[in-house]
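Asker: Quick one: the structure is below, questions incoming.
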Amino acid sequence: MLNTNTSSLHQYKRILSLARPYALRLTLAIIASLFATLVWLAVPLGLRELLDAVFDEGNRDVLNTITFVLIGLFITQAFLGFWGSYALDWVGERIVADLRKAVYEHLNHLSLRFFANKRLGEITSRLTNDVAAIRDAVTGTLSEGITQTISLVGSVGLMVYLNWRLSLVIFVTVPVLTIAVRYFGNMIRALSREVQDRLADTTSVAEEALGAIQSVKSFAREKYETGRYNHQVEELFGTARKRVLYSNLFWSSVGMLFLTTMIIIFWYGGTEVLAGRLTAGDLVAFIFFAFNIGRSLGGMSRIYTVFSSAVGASERVFGLLDEIPEISDHPDAITLEKTDGSVSFKDVSFSYDEGQPVLKDISFECKPGDIIALVGPSGAGKTTLLNLIPRFYEAGSGEVQVDGIDVRSLTQESLRNHIAVVPQDIQLFGTSIIENIRYGRLDATDEEVEEAAVRAQADEFIREHPDGYKALVGEKGVKLSGGQRQRIAIARAILKRPSILLLDEATSSLDSESEAAVQLALGNLMQTCTTFVIAHRLSTIRNATTILVLEAGQIAEQGTHDELMQTNGLYRRLYDIQFHKTAEAESGQF
């Protein structure tokens with residue numbers, strides 16, 4: 001239990017550290033809330049004087065004076081309470097904004113391996129729901145904890161001052177309430193953490209299904225996905241129901257105990273008034289202080305619940321921030337100002353999982369302007385090899401060099417600024433066509449964007465759309481055909497003017513006419529950069545400077561098309577198989 005409390009305290013200190021830039025505003029807000037609490041404690045004493053002035057003294061002047069004083073106290077308390085609450089909420093929202101920006105920035109610096117091992121919905125949940133829970137910890141627990149403590153201590157002290165005998169009734173109740181707060185608080189805390197976890201799971205299921213909505217519909221799996229989501233929602237509801245049950249059971253028990261205590265106070269206080277040991281004003285003030293104590297104890301239980309939820313949420317959020325990027329720039333990393341595009345692999349090996357190598361002892365060199373084609377069966381390591389050049393993944397051993405410099409010695413940003421990637425799975429943003437193309441170079445003019453589209457054979461279909469270049473492509477480019485998406489991606493790469501071009505089956509979704517046109521556009525681009533191309537249609541890589549044939553993560557063969565065709569090796573077999581399939585397809589034989 002000690003370790004748990006110590007860990008929670010550490011997490012809470014870390015949460016409060018987020019408010020350090022706004023310490024002055026936060027301090028003033030707390031001070032305003034404290035004074036508002038002190039003013040509120042003075043109100044029952046004012047009411048006591050007011051009632052005694054009426055019933056005991058019959059003094060109208062005192063009555064008028066105390067009335068105006070009480071009105072002033074109410075106005076002061078309202079103003080201080082408003083300003084304190086507003087300033088606290090401001091700090092809370094500011095912290096949420098800062099934390100979300102920090103988490104999102106950090107996520108962008110994490111490696112592809114991290115995202116391959118995480119569910120997108122879980123990450124999204126941490127970025128939204130968990131961060132909001134942390135805000136409540138700053139705006140609620142800190143200020144309210146202090147003010148409720150002062151209210152509790154002040155009320156108890158003033159009750160003892162008014163009548164110590166009557167105070168004993170409260171002193172018997174407080175320990176019972178404290179035990180109840182601790183007992184129910186622990187259960188609510190555990191359930192709050194479970195609710196956050198269930199919520200993350202529910203978000204993940206929704207993200208996955210909606211992100212693959214085309215696959216869902218093509219397999220007619222709407223009912224299945226709805227059932228899967230409904231199951232997660234019901235799991236979430238079951239946990240939330242338990243939390244609500246224990247929370248309301250706690251409040252009902254506290255309410256019953258507190259109201260019973262108030263009845264006893266009324267009864268015993270009435271006997272004290274009749275005995276002359278207590279005035280009517282004292283009794284009313286005493287009851288007000290008793291309500292203050294009940295409110296303070298209830299507030300502290302809420303604080304405990306919020307604190308528990310915030311600690312659980314902070315563990316998940318800070319877990320993201322503490323995630324160390326697998327790939328990071330060295331302190332003395334070099335900025336690659338320009339490059340001629342030469343690339344070399346020296347005894348490079350790589351594995352996603354330890355003991356399961358994907359690439360083994362890969363070595364080759366290419367000169368600026370070379371076209372390197374990667375060929376081989378699925379799973380041979382072609383895409384992985386491409387991913388090592390821009391350092392999407394880090395080589396396990398050996399060196400990947402650009403211009404004779406180990407890419408690990410270069411800053412990631414400067415290296416990737418000279419590389420354009422056209423993947424097989426085209427990723428477009430749900431904005432306009434012109435914004436998607438301009439993503440290749442953010443400072444490009446409209447004329448440069450259109451020129452890139454023309455070279456990528458995309459201008460014609462773009463202008464056929466009523467909105468032209470301003471047409472929205474939909475989520476992940478869903479409004480465009482596969483070929484159109486690829487041409488947009490190629491235009492984006494052309495606009496970047498790279499020194500190194502990585503093409504992963506970049507023309508696979510194009511018809512023969514469009515493919516010929518795009519191949520011409522890419523041919524013009526390839527003249528100014530070094531190109532690596534993965535092509536399953538071997539007829540498209542006959543003019544490659546070098547063809548690397550990969551098999552089981554190793555270079556099985558290497559040479560030009562003509563050289564490899566003469567060896568009767570793997571390349572020749574793959575080419576013959578594909579040639580026969582093409583011939584059969586053209587003749588209508590399947």
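What follows is calculated from the coordinates using simple rules that are stated; it is not laboratory data. Please read these numbers as outputs of a predicted model, since none were measured by experiment. Neighbour counts run over all protein chains shown; Cβ positions are idealised from the backbone, glycine included.
Asker: What residue among 484, 192, 258 has its Cα farthest toward the positive end of the dipole of the chain, where the charges are +1 on Lys, Arg and -1 on Asp, Glu, each on the Cβ?
Answerer: 258
Asker: Whole angstrom only: what separates the Cα centroid of region 191-268 from the Cα centroid of region 316-394?
Answerer: Measuring centre to centre over Cα atoms gives 44 Å.
Asker: Quick check on region 326-389: take the gyration tensor over C-alpha atoms, sort the square-rooted eigenvalues as a ≥ b ≥ c, and tell me if it's rounded (a/c under 1.5), prolate or oblate.
Answerer: Oblate.
Asker: Shifting gears a bit: Around residue 81, under 13 Å between beta carbons, what's the net of Lys plus Arg minus Asp minus Glu among the other residues?
Answerer: Summing Lys/Arg as +1 and Asp/Glu as -1 gives -2.
Asker: Express the relative contact order of the chain as a whole percentage, based on alpha carbon pairs under 8 Å and six or more residues apart in sequence.
Answerer: With pairs under 8 Å counted, the relative contact order is 14 percent.
Asker: Once you order the gyration tensor axes a ≥ b ≥ c over the Cα atoms, which shape class does region 424-497 get: rounded for a/c under 1.5, otherwise prolate or oblate by comparing a/b with b/c?
Answerer: rounded
Asker: Find out how many positive minus negative residues lie around residue 533, taking Lys and Arg as positive, Asp and Glu as negative, among other residues whose Cβ is under 13 Å from that of residue 533.
Answerer: 0
Asker: Quick one: which of 381-393, 482-494 comes out on top by average Cβ neighbours within 10 Å, and what's the full order, highest first?
Answerer: Going from most to least packed, we get 482-494, 381-393.
Asker: Next question. Tell me the mean residue ellipticity at 222 nm calculated for the chain from its helices only (DSSP H runs of n ≥ 4, each -39500 (n - 2.57), averaged over every residue, nearest 500).
Answerer: After summing the helix terms and dividing by residue count, I get -21500 deg cm²/dmol.
Asker: Where Lys and Arg each count +1 and Asp and Glu each count -1, what net charge lies around residue 439 among other residues with Cβ under 11 Å from its Cβ?
Answerer: Once positives and negatives cancel, what remains is +3.
Asker: How big, in percent, is the set of alpha carbon pairs in the chain lying more than 39 Å apart?
Answerer: Tail of P(r) above 39 Å: 52 percent of Cα pairs.
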